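See below for the structure under consideration.
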Amino acid sequence: MKISVILAHPDKGSFNHALAEAAVSELTEMRHAVSFHDLYEERFEAILPAGEIPKGADLPPEVRAHCDEVAEADGIIIVHPNWWGQPPAILKGWVDRVMRPGVAYEFAEGDGGEGVPVGLLKAKAAIVFNTSNTAEAREREVFGEPLEAIWRSCIFDLCGVREFRRRMFGVVVTSTLDQRKAWLAEARGMVRECFGGLG
Ligand SMILES: Cc1cc2nc3c(=O)[nH]c(=O)nc-3n(C[C@H](O)[C@H](O)[C@H](O)COP(=O)(O)O)c2cc1C
């Protein structure tokens with residue numbers, strides 16, 4: 001099966017990079033066809049130009065390639081840190097430009113765009129791995145877990161991906177090496193559990 005892994009973290013020595021590597025290695029062991037994108041390494045251009053907004057717009061080749069890949073993916077894994085309760089801007093830009101009408105969703109015939117969109121992604125499952133420096137209870141009670149709403153409801157459910165799993169690892173800044181090793185093993189386990197049956 002084709003699985004896309006999208007990473008947004010500028011530091012190659014970060015725990016996010018280790019998480020993405022663990023996911024890619026687990027998928028490769030399961031013999032999935034993995035497409036890995038380090039958005040900072042690619043210098044993905046986050047700004048959505050006006051001309052790309054309409055459905056069916058001409059797209060630059062690098063954006064077209066991302067769109068084709070996400071449309072064909074059987075599974076998607078996203079890895080990023082919690083930055084102000086949001087994904088890093090480079091990943092927000094990837095969502096803006098790649099999860100586009102006609103690729104990730106569309107409106108039903110006769111709907112001018114005011115209705116409920118129909119998801120187009122064929123991916124059966126998505127996993128989001130996040131990291132943060134906020135305790136779980138504070139993230140939930142004070143901030144309302146914005147990343148859960150963004151990825152589960154606003155993006156994957158809307159785009160038709162019904163099976164969604166997300167894990168926020170933290171607190172990273174005070175974590176020990178043993179804890180991070182355990183988190184990487186947990187991430188591998190989630191990948192295996194989610195995509196093991198899709199091979
Ligand atoms: C621009 C920026 C914004 C951040 N905002 C938050 C935040 O809102 N909540 C939080 O818990 N941590 C926040 N952090 C901390 C990161 O989430 C943390 O450094 C990261 O998850 C640790 O993983 P890493 O070692 O892979 O970088 C922020 C960090 C940066 C650089």
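Coordinate-derived values only; no laboratory data. Quantities reported herein were computed from a predicted structural model and do not represent experimental measurements. Don't worry about glycine lacking a Cβ; one is built from the backbone with ideal geometry, like all the others, and counts go over all protein chains shown.
Using DSSP to define loop residues, name the GluC sites (Glu not before Pro) in region 100-199 whose beta-carbon has at most 12 other beta-carbon atoms within 10 Å. Mind showing how you got there, number by number?
Values: sites: Glu106, Glu109, Glu114, Glu136, Glu139, Glu141, Glu148, Glu163, Glu186, Glu193; in loops: Glu109, Glu114.
Those satisfying the criteria are Glu109, Glu114.
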Efficiency of FRET between Ala33 and Leu177 - r from beta-carbon atoms, R0 45 angstrom, step 0.05 | 0.90
q = 0.13, 0.18, 0.19 Å⁻¹: log10 I(q)/I(0) that the Debye formula gives for the chain, counting C-alpha atoms only = -0.70, -1.33, -1.46
Taking Cα centroids, how far is region 57-114 from region 30-46 in Å?
-> 14
If you line up the long axis of helix 15-29 against the longest principal axis of the chain, both from Cα atoms, how many degrees apart are they, to the nearest 10?
-> 80
Acute angle (nearest 10 degrees) that the helix 61-72 long axis makes with the longest principal axis of the chain, alpha-carbon atoms = 80
0 to 90° range, to nearest 10: angle between helix 89-98 axis and the chain longest Cα axis | 40
Would you count, across the chain, every pair of lysines whose alpha carbons are under 30 angstrom apart, provided the pair is eight or more residues apart or spans two chains?
-> 16
Chymotrypsin sites (Phe, Trp or Tyr not before Pro) within region 99-186: which are DSSP loop residues with at most 14 other Cβ atoms inside 10 Å?
-> Phe143
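For Ile47 and Ala71, what is the calculated FRET efficiency with R₀ set at 25 Å and r taken between the beta-carbons, to the nearest 0.05?
On the way: r = 22 Å, r/R0 = 0.88.
With R0 = 25 Å, the Cβ-Cβ based efficiency is 0.70.
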